[in-house]
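S.K.: To start, I am sharing the structure in question, which I have written as structure tokens.
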Amino acid sequence: MVEGTKMAREILTNGQLEIEGIFVLKDWKEENKHLLKRTKPKVFEINAADMAKISSLRSPGQVLIVAKKRRFDLDGESIENDLSLYLDTIQDPGNFGTILRIADWFAVSYVFCSDTCADLFNPKVIQASMGAFLRVRVMKMDLKSLTERLPGIPVFGTVLDGKNLFEESLSKRGIIVIGNESRGISEENISLLTHKISIPCNEKGGAESLNAAVATGIVCSVFRNNPSK
């Protein structure tokens, strides 16, 4: 379920999702006739009261789309030669969606996640991704299985006792593991890391840790802009 004008227009323009139905207010339908004619989805005109009943938002918009979920295949060669993210129990839907948006910004094509992550198709994840879920390939898989399929690939993990991210020799390829919001990376997955990294805090800083999505943004920026090899 996808809500809001921006993402609805992107979905209708993109054409990658098979739409089951699009629920619209009359004004939105009139303003977007050209998109609806091009894609020819099943359109249901409803009133604002009914939109409020089916919406997941506190302030419902003028359009809501119901579409079939997308599934992706794992392209081993592509993953081996680029950066990917692995999310270890990211449970906050807002964080998950924001991380997808970050991955989209830095052209990280694959985001893998553990079974204990929030559901990709949670409306809050979709909303926070701002359309990134259409472009980023998200797959559920445990890290051990992933590394077994890609032997020799570097696995970086963000941990408090890791080496300074800004001083390390980084790679243009590999898997970057982002841990749970409060517990970090699980012991099982820490054992699979080949490189432990951290984002150093300023000596005057007082926070215990960074938000998972904020940390992901910093790490992706450094990897994309300062790789050493």
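S.K.: Identify all residues within the stretch 155-170 that are of a type outside the set (Lys, Arg) and surrounded by fewer than 17 Cβ atoms within 10 Å (Cβ to Cβ); write none if there are none.
M.R.: Residues satisfying the conditions are 159, 160, 161, 164, 166, 167, 169.
S.K.: On to the next question. With respect to residue 219, determine if the residue is in the same structural domain as residue 94 (by TED's automatic domain parsing), in contact with a helix residue (DSSP H, G or I) (Cβ under 8 Å, 6 or more places away or on another chain) and closer than 21 Å to residue 108 by Cα.
M.R.: no
S.K.: Of all residues in the stretch 164-202, count the ones that are of a type in the set (D, E, K, R) and closer than 19 Å to residue 224 by Cβ.
M.R.: Residues flagged as of a type in the set (D, E, K, R) and closer than 19 Å to residue 224 by Cβ within the stretch 164-202 amount to 4.
S.K.: On to the next question. For residue 20, indicate whether it is modelled with pLDDT under 95, assigned by TED's automatic domain parsing to the domain that holds residue 147 and of a type in the set (D, E, K, R).
M.R.: The answer is no for residue 20.
The values are calculated or read from the model by the stated rules, or taken from the named source; none is laboratory data. Since the model is a prediction, treat every value here as computed from it, not as a measurement. Cβ atoms come from the backbone with ideal geometry, glycine included; neighbour counts cover every protein chain shown.
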